[in-house]
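Below: the structure, in structure tokens.
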Amino acid sequence: MKKILFSVAIVLALAASAMGQPLTVTVTGSGISGPGVYTMSDFTIDGNGNVALTVTAPSSSGALALGLNVTTLPAGTQNVAYDTAVTMSATGGTAPYTYSCSGASSTVTGITASASGTLCTISGTPTSTGTYTVNFAVTDSTTPTAATNTSSIIFTVSATPSPTPTPTPTPTGGVTPIPVGVHISASINASPAENEYSFTLTAASSEVIVYESTGDWKTEQDLYVSTVGQPVCSGVQPARPVFSNVNDTNNQTVYVPGSYLAGTYFYVTVCNRSGTTGKYSIYWSTN
């Protein structure tokens, strides 16, 4: 099969006319609606130089429609990588088809949408929240004017959820809570040789400091702090980390660095190292 433009037939007619040879071009066939590219199935030339062309228009199976393999897109989370793909398809119109997609948002940044063949990939790490629109399109090969059909899907990017605070356990018997900003005075005996305390952060903090002192007697005991279980004076300590300032004769202060949420629970144990009775004061603060 050969393809011929109407304009070519007109050029033939003009050329023949210029040479003093009148030429009549007759075009017949199905689906002829105007200038365009048609498939020539037959042609004849009679003795007078008249040309008869038989052509067929490209087949079309109705209006062009765009199909997507999904109707929704997963939601995104701020500062969390996003990666999903949508397969596009088309029916009707005139093949072959050309697919495209693009993304748009007035608030969300960090995500892009691009097409490769029939696949639209939406990916990136959103740095802000809001709604993001993905626009899909297909264009067919209808001539002289191609048909286009479009579709859109909107998804939401939400803020990064706050971490869940460590659940506050119920203190066991003998564990004394220490309110923020309160100094608790206590005494410690040779037996039992440990006093147990606990406190809960009222606000997030990058460091927690536990103080224990009363004159020189502070050199006679050790101070332990943990967020995973009650420290002990002898035996196996709870799972690390356990922060302490053991055998420090100058200062009985324990610094607990890190990043702690409001509601984080701390365990504190004072251990009698000398085996004699003494008094002390204990309190805590955030940095």
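To the nearest 0.05, how large is the calculated FRET efficiency for ASN50 and THR148 if R₀ is 30 Å and r is the Cβ-Cβ distance? The partial results should precede the final answer.
Numbers: r = 40 Å, r/R0 = 1.34.
The value I calculate is 0.15.
Label separation (ALA104 vs THR176): 6.8 nm, computed from points 7 Å beyond Cα along the C-beta direction. Note on LYS279/ALA204: beta-carbon distance plugged into 1/(1 + (r/R0)^6) with R0 of 22 Å gives a FRET efficiency of 0.10. Straightening the chain between SER89 and THR131 buys 12.6 nm, computed as 0.36 nm per residue apart minus the Cα-Cα spacing.
Just so you know, all these numbers are worked out from the coordinates, no wet-lab data involved. Computed from a prediction, not measured in an experiment: that's the story for all the values here. A quick note on method: Cβ atoms are made from the backbone with ideal geometry, for glycine too, and the neighbour counts reach across all protein chains shown.
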